[in-house]
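Below is one structure, written out as structure tokens, with a few remarks after it.
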Amino acid sequence: MINKSKEILIFKNIEEITGFAVEKWTDISEKAIKDRDRFTVALSGGKTPVVLYQKLSDKKTLPWGKTDVFMVDERFVPYENDENNYHMINRILLRHVKIPAKNIYPILTSHPSPRVSAERYEQDLISYFKTQYDKLPRFDLILLGIGEDGHTASLFPDIASSEEDGHLAVAVSSPDITKEERITLTFPVINNADNIMFLAAGVNKAKTIKEVVEKEDSLLPAAMIRPQKGKLFFLLDESAGSLLSESIQ
């Protein structure tokens with residue numbers, strides 16, 4: 001543990017990571033519903049959370065009727081495309097639980113451009129959380145991954161949009177010009193969450209994890225996830241956490 005708001009937890013494998021994540025999801029959702037009668041969560045795509053979504057799909061007794069699901073980011077590809085994050089999350093998780101359609105807030109890619117998709121999603125966030133532009137949504141839980149390059153959500157190193165703090169959601173061009181454009185929540189929105197969980201597995205993430213966790217002045221996007229008042233969890237397998245100093249494990 002680094003401080004009261006930041007925990008680094010290392011598990012044997014992805015199965016143990018996701019088991020813990022389901023427990024935290026359960027605890028956080030119960031508290032949120034007790035306090036406000038709703039639980040708000042933003043989900044990420046990628047390979048690492050797939051096992052978590054599979055486990056959650058079996059949790060039929062979770063309060064899905066009072067759970068509102070948002071997206072952390074999305075690739076600007078049609079819903080039918082396998083690269084579409086919402087398509088994956090819907091196929092693996094949402095179709096298998098009793099969550100009303102009105103509780104699901106995808107980033108729609110049927111709009112004319114990524115910019116328009118971002119603008120419409122921002123309006124969805126403002127409407128749901130009843131915020132003004134000088135205020136921010138407050139999610140109960142946000143699930144994030146970490147790329148080998150240190151990106152998280154679709155906030156990439158050296159991309160100007162990553163520093164955009166005037167909006168809740170923005171369109172982003174991938175550093176790889178062969179990749180599709182994306183829409184993502186911004187740093188201020190993510191950092192305003194009550195709970196943020198990073199899920200990371202694999203030795204290919206170890207060097208990046210070390211910098212994100214240990215280097216205070218790192219400019220990697222994942223290192224810039226610093227909750228204002230909430231809690232930050234790093235859920236790592238042994239390989240991803242293999243380079244971390246023993247003092248912080």
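Of the residues in segment 73-85, none is outside any strand (DSSP E or B), surrounded by 22 or more Cβ atoms within 10 Å (Cβ to Cβ) and β-branched (Val, Ile, Thr).
Taking the listed residues 57, 44, the one that is touching a Leu at 6+ places or on another chain (Cβ under 6 Å) and more than 25 Å from residue 137 (Cβ to Cβ) is 57, with no other qualifying. Considering only residues of segment 228-249 that are within 22 Å of residue 154 (Cα to Cα) and at pLDDT 95 or above, which is surrounded by the most Cβ atoms within 10 Å (Cβ to Cβ)? Filtering segment 228-249 for residues that are within 22 Å of residue 154 (Cα to Cα) and at pLDDT 95 or above, the one surrounded by the most Cβ atoms within 10 Å (Cβ to Cβ) comes out as 240.
When segment 149-195 is limited to residues that are in a helix (DSSP H, G or I) and surrounded by fewer than 17 Cβ atoms within 10 Å (Cβ to Cβ), the one that is modelled with the lowest pLDDT turns out to be 163. Residue check: residue 241 meets all listed conditions (1) in contact (Cβ under 8 Å) with a residue 12 or more places away in the chain; (2) more than 19 Å from residue 18 (Cβ to Cβ) but one, namely (2). Kindly provide the set of residues from segment 76-120 that are under 17 Å from residue 65 (Cα atoms) and basic (Lys, Arg), ordered by number. If the condition is that a residue be under 17 Å from residue 65 (Cα atoms) and basic (Lys, Arg), then 95, 98, 102 are the ones that fit. When we screen 139, 198 for residues that are part of a loop (DSSP other than H, G, I, E, B) and within 13 Å of the chain's Cα centre (by Cα), the only hit is 139. For the structure I just gave you, tell me whether residue 246 is out of contact with any strand residue (DSSP E or B) (no Cβ under 6 Å at 6 or more places or on another chain) and under 19 Å from residue 13 (Cα atoms). Yes.
From the list 95, 138, the one residue that fits, being at pLDDT 95 or above, among the basic types (Lys, Arg) and surrounded by 15 or more Cβ atoms within 10 Å (Cβ to Cβ), is 138. When segment 196-227 is limited to residues that are surrounded by fewer than 21 Cβ atoms within 10 Å (Cβ to Cβ) and of a type in the set (S, T, N, Q), the one that is farthest from residue 137 (Cα to Cα) turns out to be 204. Whether a residue is under 24 Å from residue 212 (Cα atoms) and either loosely packed, with under 13 Cβ neighbours inside 10 Å or without any contact (Cβ under 8 Å) to a residue 60 or more places away in the chain (or both) was assessed, and residue 12 passes this test. Residue pairs whose Cβ atoms lie under 6 Å apart, sitting 6 or more positions apart in sequence or on different chains, and linking a residue in segment 61-89 that is more than 23 Å from residue 47 (Cβ to Cβ) and in contact (Cβ under 8 Å) with a residue 24 or more places away in the chain to a partner that is of a type in the set (Val, Ile, Thr) and in a loop (DSSP other than H, G, I, E, B), are 64/97; 64/99. Candidates are the residues of segment 98-118 that are in contact (Cβ under 8 Å) with a residue 40 or more places away in the chain and assigned to a helix (DSSP H, G or I); the one that is surrounded by the most Cβ atoms within 10 Å (Cβ to Cβ) is 118.
The values are calculated or read from the model by the stated rules, or taken from the named source; none is laboratory data. This structure is a prediction, so every number in the text was calculated from the model and none was measured. So basically every Cβ, Gly included, is an ideal-geometry build from the backbone, and we count neighbours across all protein chains shown.
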